[in-house]
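The values are calculated or read from the model by the stated rules, or taken from the named source; none is laboratory data. Because the structure is a prediction, the values reported are computed rather than measured. Methodologically, a virtual Cβ is constructed for each residue, glycine included, from the backbone with ideal geometry; neighbour enumeration extends over all protein chains shown. Side chains included, ligands, DNA and RNA excluded: accessible areas come from the protein's heavy atoms. Shrake-Rupley method; radii C 1.70, N 1.55, O 1.52, S 1.80 Å.
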Amino acid sequence: MAEITAALVKELRERTGQGMMECKKALVAAGGDIEKAIDDMRASGAIKAAKKAGNIAAEGSIAVRVEGNRGLIIEVNSQTDFLALQDDFKAFVKESLDEAFEKNLTEAAPLIASRESAREALVAKCGENVNIRRLTAVSGDTVGAYLHGHRIGVLVVLKGGNDELAKHVAMHVAASNPAVVSPDQVSEELVAKEKEIFLQLNAEKIAGKPENIVENMVKGRIAKFLAEASLVEQAFIMDPEVKVGDLVKKAGAEVVSFVRYEVGEGIEKAETDFAAEVAAQVAASKQ
C-alpha cells in the first residue's frame, strides 16, 4: 500500500473539495490509489446526492444566452443563495446553459438527464441539493436579453427593431413584470376575477349607486388592470411619458413575446420553526 502522505491528502482535497478526514479515510480504503479514492468518493457522493434530493431548493441562478436570432434562458436551483454565488455552482450553470444552447434543446428533461452525473458530483461537493428546474428557447427577427444580477432574467422577441431596443424592453420586463404582451391575451377568467374582487372591495362605495355608474366604475378598473398587466400598455421605465407599445412601434417594430424568470418563483418554501428544532435536539440529547 502506498504511503498516505500529507501531500496526497492535499491533492485529493483540491480535486474533490472534500474534508481532510474524508480524504484520508478514502485514501486508506483505496490503498493509497488516488484515482480509486476519487471513484469511491463519487460513488458515495451519488448516495449523498440522492439523500439531498428531498431538500427544497428554492434559491439559485438564472442564466441567459443569445446568439443571432436565438435565445435561451435557464434556471438552476440551490438550497441557499450563498451557493449560487460560488464558482463551482456558476460553472455548473454555465456548462448546462451552453450544452442546452448548442444542442438546441427546447425543454429541460434531456438536459436534466445529460447533466445528472455532474449534478451529483456538485451535490456531493457542496452538500446542498441542486436542480435544473426549467429552460425556454426562443427565436425571431430580433432577440434581446437582460440579466438582473443572478436572480431575474428576461428574453424578448421583436419583429423588426434592433438589439438595443430589445434589451431596453427586456430591462422593462425585468422591472415591471407584466403578465402578457397585450390586453387581448388576458384571459376572460382573469378579467372576471378582477371584476369580482373590485366589487367585493368597493361594496360600500357602490351601494345604492345607479347601475350605469357602477358599470362605468368597473370598466375603469378593468381598463386599469389590463394596462397594468400588459407589456405594451405599461409606461416605459426609462420614459414614463411613453408606453412600451408606442416606443416599439415608433422604431418600426412589434413585440412578439417575452419570457421572464425569477429565481424560486412558484416554489413553496418550507417554514422552519428554529426554536422547536433546537428544543427537539436538546430533548434528544438528554435521552
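Side notes on the structure shown:
- A simple count of charges around GLU228, restricted to other residues whose Cβ falls under 13 Å of its Cβ and scoring Lys, Arg +1 and Asp, Glu -1, yields +1.
- Counting only residues at least eight positions apart within a chain, or on another chain, the aspartates and glutamates with an alpha carbon under 20 Å from that of LYS219 are ASP184, GLU188, GLU189, GLU194, GLU196, GLU204, GLU211, GLU228, GLU233.
- Å² per residue, accessible surface of the stretch 152-247 at 1.4 Å: 58
- Gyration tensor (alpha-carbon) shape descriptor, the stretch 94-154, a/c threshold 1.5: oblate
- Shape of the stretch 54-138, Cα gyration tensor, a/c cut at 1.5: prolate
- Using the average count of surrounding beta-carbon atoms within 10 Å as a protection proxy, the listed peptides 196-205, 76-85, 21-30 rank, highest first, as 76-85, 21-30, 196-205.
- Charge dipole (debye, nearest 20) of the chain; +1 at Cβ of Lys and Arg, -1 at Cβ of Asp and Glu: 320
- Charge sum, other residues only, whose C-beta stays under 14 Å from GLY31's C-beta, Lys/Arg counted +1 and Asp/Glu -1: -2
- Expressed as a whole percent, the accessible area of the chain that falls on carbon and sulfur atoms is 52 (1.4 Å probe).
- Each Cα pair under 8 Å and six or more residues apart adds its separation to the average, and for the stretch 54-138 the resulting relative contact order is 39 percent.
- Overall form of the chain per C-alpha gyration tensor (a/c, 1.5; a/b vs b/c): oblate
- Kyte-Doolittle mean at least -1.0, axial Cα span of 24 Å or more - DSSP H helices of the chain: 34-52, 211-229
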